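Everything below concerns the one structure shown next.
The values are calculated or read from the model by the stated rules, or taken from the named source; none is laboratory data. Remember, predicted model here, so these are calculated numbers, not experimental data. Backbone-built Cβ (ideal geometry, glycine too); neighbour counts: all protein chains shown.
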Amino acid sequence: MLENYAYWISTALLSLLYLVSVHLYVTKRDLVKQAQIALGYSADHLVPFMIVVKILGLVAILSRLSVPLSDFAYAGIFYHLILSGMAHLGVRNPKAAVPAVVGLVLLAISFATQNAARQVPSPYAPSLTQPIHQSFN
């Protein structure tokens, strides 16, 4: 039961983090473009792409129409958060990396507890009720 709550709370908070990000990308375009340029990215093409990808990633995880697609979305979000945090650290702005770190924690909890909360289990998510050494056999 605790795993079920952990899944839904972490997934909801991760979704909120991503939806706030999408909201900022849409409503504060100029600010976001300046921030992307400061990180060394070409904002003209990256921002619209990230809006679509962030929404589709959340839809894949929340709808879970396909377990492999959901797992692929988890992987994509993982890489996005790692790269985002590293980009901010690379320009010596550690405070701006905090949302990425929070997102990584929420993502890890959501991924690790998804099998307890979903009907169709992911073959890649660990079973928290099974000892770790048995999950690799």
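If I ask for residues that are assigned to a loop (DSSP other than H, G, I, E, B) and in contact with a Ser or Thr (Cβ under 6 Å, 6 or more places away or on another chain), which ones from the range 107-126 would you list? Correct list: 126 only.
State whether the residues of the range 1-16 include one that is out of contact with any strand residue (DSSP E or B) (no Cβ under 7 Å at 6 or more places or on another chain) and modelled with pLDDT under 90.
Checked against the condition, which is being out of contact with any strand residue (DSSP E or B) (no Cβ under 7 Å at 6 or more places or on another chain) and modelled with pLDDT under 90, the range 1-16 yields at least one hit.
Looking only at the range 21-32, residues that are closer than 17 Å to residue 56 by Cβ, in contact with a helix residue (DSSP H, G or I) (Cβ under 9 Å, 6 or more places away or on another chain) and not polar (S, T, N, Q) come to 3 in all. Might you check whether a residue that is under 17 Å from residue 16 (Cβ atoms) and loosely packed, with under 13 Cβ neighbours inside 10 Å occurs anywhere in the range 91-99? Scanning the range 91-99 turns up at least one residue that is under 17 Å from residue 16 (Cβ atoms) and loosely packed, with under 13 Cβ neighbours inside 10 Å. Of all residues in the range 33-54, which are of a type in the set (Val, Ile, Thr) and closer than 16 Å to residue 80 by Cα? Those that are of a type in the set (Val, Ile, Thr) and closer than 16 Å to residue 80 by Cα: 47, 51, 52, 53.
Say whether the condition of being of a type in the set (S, T, N, Q), surrounded by fewer than 16 Cβ atoms within 10 Å (Cβ to Cβ), modelled with pLDDT of 90 or more and in a helix (DSSP H, G or I) is met by at least one residue in the range 76-89. So that I can check it myself, show each step before the final result.
Going through the range 76-89, the residues of a type in the set (S, T, N, Q) turn out to be 84.
Still in the running and surrounded by fewer than 16 Cβ atoms within 10 Å (Cβ to Cβ): none.
So far as the range 76-89 goes, no, none of its residues is of a type in the set (S, T, N, Q), surrounded by fewer than 16 Cβ atoms within 10 Å (Cβ to Cβ), modelled with pLDDT of 90 or more and in a helix (DSSP H, G or I).
Does the range 54-96 hold any residues that are under 22 Å from residue 31 (Cα atoms) and over 14 Å from the mean Cα position of the chain (by Cα), and which are they? Scanning the range 54-96 gives 86, 87, 88, 89, 90, 91, 92, 93, 94, 95, 96. Residue check: residue 40 meets all listed conditions (1) touching a helix residue (DSSP H, G or I) at 6+ places or on another chain (Cβ under 8 Å); (2) in contact (Cβ under 8 Å) with a residue 12 or more places away in the chain; (3) surrounded by 13 or more Cβ atoms within 10 Å (Cβ to Cβ); (4) of a type outside the set (Val, Ile, Thr) but one, namely (3).
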